[in-house]
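Below: one structure, written as structure tokens.
Bear in mind that the values in this text are calculations on the coordinates, not laboratory data. Computed from a predicted structure; not experimentally measured. Every residue, glycine among them, receives a Cβ derived from its backbone with ideal geometry; neighbour counts consider all protein chains shown.
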Amino acid sequence: MTAVGKILVVDDTPMNVKMLVDILTFKGYEVSTATGGKAALAALETAVPDLVLLDVMMPDMNGYEVCKAIRARPETEMLPVVMVTALDPARERVKGIEAGADDFLSKPINQPELLARVKSLLRVKQYHDTVQSQALELKAFNEQLEQRVRDQVAQLDRLGRLKTFFAPQIAELIVAGGGEDLLKPHRREITVLYLDLRGFTAFTESAEPEEVMAVLAEYHNLVGTLVTSHQGTIEHFAGDGMMIFFNDPVPVENAPAQAVRMSVLLREQFAGLRESWLKRGYTLDLGMGITTGYATLGAIGFEGRRDYAVIGSIANLAARLCGEAKGGQILTHQKTLGRIDDLVESETLGGLTLKGFANPVPAFNVLRLK
């Protein structure tokens, strides 16, 4: 509703129309007119006022018929209607109420009464419009809230599915919208931890497939818990082999230290798992290799199936050191040891001749944390 209020005056008598227009315009109301019932309904098709002053006796349609038509339209069913009549007030009020009128004025018009009834009904209309506006805002808010809940549920669903292929950190960044740059090839210094079960090939030759899968499930669950708590990223599984790296995609403060802490803790916890396997007749142990250096990281694969991969000799070196490690050993090279020397006690193994490396690689066995 406007500040002054819009009023439609409906009367077939020009003198009555002029009088009402003069009174209402003088008080600041915006007034439009219609000379009959059909003209009034046509006017309401194009613009809905805040109040209608409606004469009862008109030649084309009487005021009751017009009022019923107003109430029948959804857009005007709550529009205030004041019926103006020179007929018997008591009898006409009953007809007017049945037709849907909100108030009544008797002719000749009493100006103070007219203005008081108009002001009162416009105030009611304003309250109604406010309630309607608030209801629409609440409806819009509820719809937005429902959409946000649907979006969040869908996001959680996507996150759950992505976590079956990517590390949790990568999956969360992709769902949050930060995965596009993440998946592009980029270069960064990382620490790689490579794990491999000793005796696994011989075990698979004698054990039933169900036994092999049960052992792998126990092994992967143990490693997975530690990887998550130490902010590592699993690059891939290869049966009993597993490659984990630190400092990408989420930066890790002192990645070498984080990797060696995890590897020592894994060795301790793996001891219990190894004992339980021995009781079942499975002779398995764990070897590990840790390296630090620059590598290229990003998504590889094809449409519909992609992995997050590490490309570089640093990953190959970790795999080769892991291959040389005996059960319970954690082997590393000079660069990583230089970063963690104040954290661990180690022993030198001399230069190891590793496949793919022209020169012997000085290797060290991590014995324990200081």
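Take each of the peptides 64-74, 216-226, 245-255, average the number of other beta-carbon atoms within 10 Å over its residues, and list them starting from the highest.
Per-residue Cβ counts within 10 Å, averaged per peptide and sorted highest first, yield 245-255, 64-74, 216-226.
Need one number: nm distance between label points at Leu265 and Glu65, each 7 Å from Cα along Cα→Cβ, rounded to one decimal.
Going by the 7 Å Cα→Cβ label model, 8.7 nm.
Please identify every one of the trypsin sites (Lys or Arg not before Pro) in the range 273-352 that sits in a loop by DSSP and has no more than 12 other beta carbons within 10 Å of its own beta carbon.
Qualifying residues, ordered by number: Arg280, Lys326.
Treating only the Cβ of Lys, Arg, Asp and Glu as charged (+1, +1, -1, -1), what charge dipole size does the chain show about its Cα centre? Round to the nearest 20 debye.
480
Please give the FRET efficiency for Leu222 paired with Leu145, using the beta carbon to beta carbon distance and R0 = 41 Å, rounded to the nearest 0.05.
Numbers: r = 42 Å, r/R0 = 1.02.
For Leu222 and Leu145, the calculated efficiency is 0.45.
Hey, which of these cross-link pairs are over 19 Å Cα-Cα: Lys38/Lys68; Lys95/Lys125; Lys18/Lys68; Lys68/Lys107?
Lys95/Lys125; Lys18/Lys68; Lys68/Lys107
Helix-only estimate, please: 222 nm mean residue ellipticity of the chain, summing -39500 (n - 2.57) across DSSP H runs of length 4 or more and dividing by its residues, to the nearest 500.
Computed mean residue ellipticity for the chain: -16000 deg cm²/dmol.
Can you pull the one-decimal nm distance between simple spin-label points at Val4 and Tyr294, each 7 Å off the Cα toward Cβ?
7.6
How high is the FRET efficiency between Asp129 and Arg306 when r is their beta carbon distance and R₀ equals 45 Å, given to the nearest 0.05?
Between Asp129 and Arg306 the formula returns 0.25.
So what's the angle, to the nearest 10 degrees on a 0 to 90 scale, between helix 209-229 and the longest Cα principal axis of the chain?
70
Within the range 194-209, which residues have the backbone N less than 11 Å from the label spot 7 Å out from Leu349 along Cα→beta-carbon, could you tell me?
So the set is empty, nothing qualifies.
Go through Gln258, Pro362, Asn316 and say which Cα lies farthest out towards the positive end of the charge dipole of the range 172-369; charges sit on Cβ, +1 for Lys and Arg, -1 for Asp and Glu.
Pro362
Excluding residues on the same chain fewer than 8 positions from Lys326, give the lysines whose Cα lies under 25 Å from its Cα.
Reachable lysines: Lys279, Lys335, Lys355, Lys370.
Please enumerate, by chain and number, the aspartates and glutamates with C-alpha under 15 Å from the C-alpha of Lys184, excluding those fewer than 8 residues away in the same chain.
The qualifying aspartates and glutamates are Asp248, Glu303, Asp307.
Considering Cα pairs under 8 angstrom that are at least six residues apart, work out the relative contact order of the range 1-74 and quote it in whole percent.
36
Out of (1) 19.8, 63; (2) 18.8, 53; (3) 41.9, 119, which label holds the value of Rg and Dmax of the Cα atoms in Å that was computed here?
Computing Rg and Dmax of the Cα atoms in Å and matching it to (1) 19.8, 63; (2) 18.8, 53; (3) 41.9, 119 gives (3).
Could you give the length gained on full extension between Leu115 and Ala214, defined as 0.36 nm per residue of separation minus the Cα-Cα distance, in nm?
26.8 nm
In the range 6-135, if the dipole is taken from +1 on Lys/Arg beta carbons and -1 on Asp/Glu beta carbons about the Cα centre, which of Ala40, Met58, Val84 is farthest to the positive end?
Val84
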